[in-house]
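A quick write-up on the structure given underneath.
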Amino acid sequence: MPLAGVRVLDLTNVLAGPFACHQLVHLGAEVIKIEAVGRGDLARNLGADPALSAQGMGVSFLAQNAGKRSIALNLKHPDGVAAFLKLVATADVLVENFRPGVMARLGLDYEILRKIRPQLIYCAISGYGQTGPWVDRPAYDQIIQGASGVMSITGNDDSGPLRAGYPLADTVGGLTAAMAICAALNAPKRGQFIDVSMLESVLATMGWVVSNHLIAGAAPAAHGNENPTSAPSGAFQCADGLLNIAANKDEQWIVLAKHLGRADLLNDPAYTTREDRKRNRLRLKAELETVLTTGNARDWAQALNAVGVPSGAVMQVSEILAHPQVAGRDLLARYDDVPGVDRAIDVLRTGFMVDGTRPQVDAPPPPLGAATDAVLSELGYGPDDIAAMKRDGAAQ
């Protein structure tokens, strides 16, 4: 795999950082997850299954920690710090998502660690970055969604502002970090500090919205399920649910109108050009739905795609996961034997293939400290040393 031989120290919690390292471990990196003694990653206690959360193997943790090795160290104990620094001396990458300043207060910031490992790539993920007036603010996904403007443009005038239905800012921040780390690993001379701001990562993905504001002076607004760049383009009511149609080209609009038996609309001056259709989009939507509501969304999607009009039913998560399009491409990993979990689990891999094969890892998500003995032994600690560290609270 592309990152084979790369050692990553994962000091992160909950989602943005763990998700970044989830990408790296699937690309072949060795990821050692360094967790706090006695509690570990907060995600161990989060998720929709209270029993698993109580066991320290919460669903939120299981989702993005497969393939990692867990070592529990106390970074406020001298012996825990000493072991951590030995690990740093062997590492290529360190990822943390503490609030800015935490690592400095521990005496373990980049300026200290680079003296031990000059070629270390140190990636700090935070809500707002390492500088600026908000640097000390706590940041959670929904707070970032609100601050970035995402919520202000989600929903419509009646329902919005709304958060996206999943932790958008955390996952975008994690992907941004993984991309930056992969680039840094390719540098002719390794060793740099990467400052990832979740706020800026989200803003960077809002190019069309931001550019319409900056360049065209168009105020960003919530358009619900309508695509403001074209019409008919959005979600349309069918007999059994919603159908997304993206007839963004004139030729697609013509085919759509004819296929629905509404060629008469092509002669209506209200719909002659793209701009005409955009101005009259709600009236056009109502006209098309007089036909679309006579059939089911999945049937319409099949028929319209067959004639060149991009379409797709609005589906449930469970439905798309079971669909052959996803189920047949090896996106899910099943682990039958997971220490600390009393059942088999299925978790997502990554969203890409390499030479036709989905990147995967063999090991399931680890219990807290499962690799503590092994990793410390690799660093030269003997059994008595490890036992003493555990007894003194420096390790678990």
query = Of 68/390; 33/115; 33/68; 86/189, which pairs sit farther than 18 Å apart, going by alpha carbon to alpha carbon?
reply = 68/390; 33/115; 86/189
Net charge dipole size for the stretch 296-342 [Lys, Arg +1 and Asp, Glu -1 on Cβ; Debye, nearest 20] = 300 debye
key: Residue exposure sequence - 236, 98 - by fewest surrounding Cβ within 10 Å   = 98, 236
task = At 20 Å minimum axial length over the Cα atoms and a Kyte-Doolittle cut of 1.6, report the qualifying DSSP H helices in the chain, or say none.
result = 168-185
request  = Would you kindly compute the Cα radius of gyration of the stretch 230-292 and its largest Cα-Cα separation (Dmax), both in Å?
outcome  = 10.6, 32
task = Name the long-range amide H neighbours of residue 395: under 5 Å, sequence gap of 5 or more, or other chain; modelled H, no Pro or chain starts.
result = 74, 390
query = Roughly how many whole Å is it from the C-alpha centroid of the stretch 270-315 to that of the stretch 198-227?
reply = 25 Å
ask   = How do 226, 35 rank when sorted from fewest to most other Cβ atoms within 10 Å of their own Cβ?
value = 226, 35
query = Sequence-distant or interchain residues sharing an amide H contact under 5 Å with residue 194, placed H: which?
reply = 122, 123, 124
inquiry  = For Cα pairs less than 8 Å apart in space and 6+ apart in sequence, what is the mean separation divided by the residue count of the chain, i.e. the relative contact order in percent?
reply    = 19 percent
request  = Please find, in a Gaussian network model of the chain (springs between Cα atoms separated by less than 10 Å), the residue of 159, 311, 70 whose mean-square fluctuation is greatest.
outcome  = 159
inquiry  = Based on the alpha carbons, how large is the Rg to Rh ratio for the chain when Rh follows Kirkwood?
reply    = 1.06
ask   = Got a sec to turn the phi values of the stretch 158-165 into Karplus ³J(HN,Hα) couplings, 6.51 cos²θ - 1.76 cosθ + 1.60 with θ = phi - 60°, whole Hz, x for Gly and Pro?
value = 8, 9, x, x, 9, 7, 4, x
inquiry  = I need 86, 258 ordered by Cβ neighbour count within 10 Å, fewest first.
reply    = 258, 86
remark   = Percent relative contact order for the stretch 202-309, counting Cα pairs under 8 Å at least six residues apart, stands at 28 percent
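We did not get these values from a lab; they are worked out from the coordinates using the rules stated. None of the values given here were measured: they were computed from a predicted structure. FYI the Cβ positions are ideal-geometry reconstructions off the backbone, even for glycines, and counts take in every protein chain you see.
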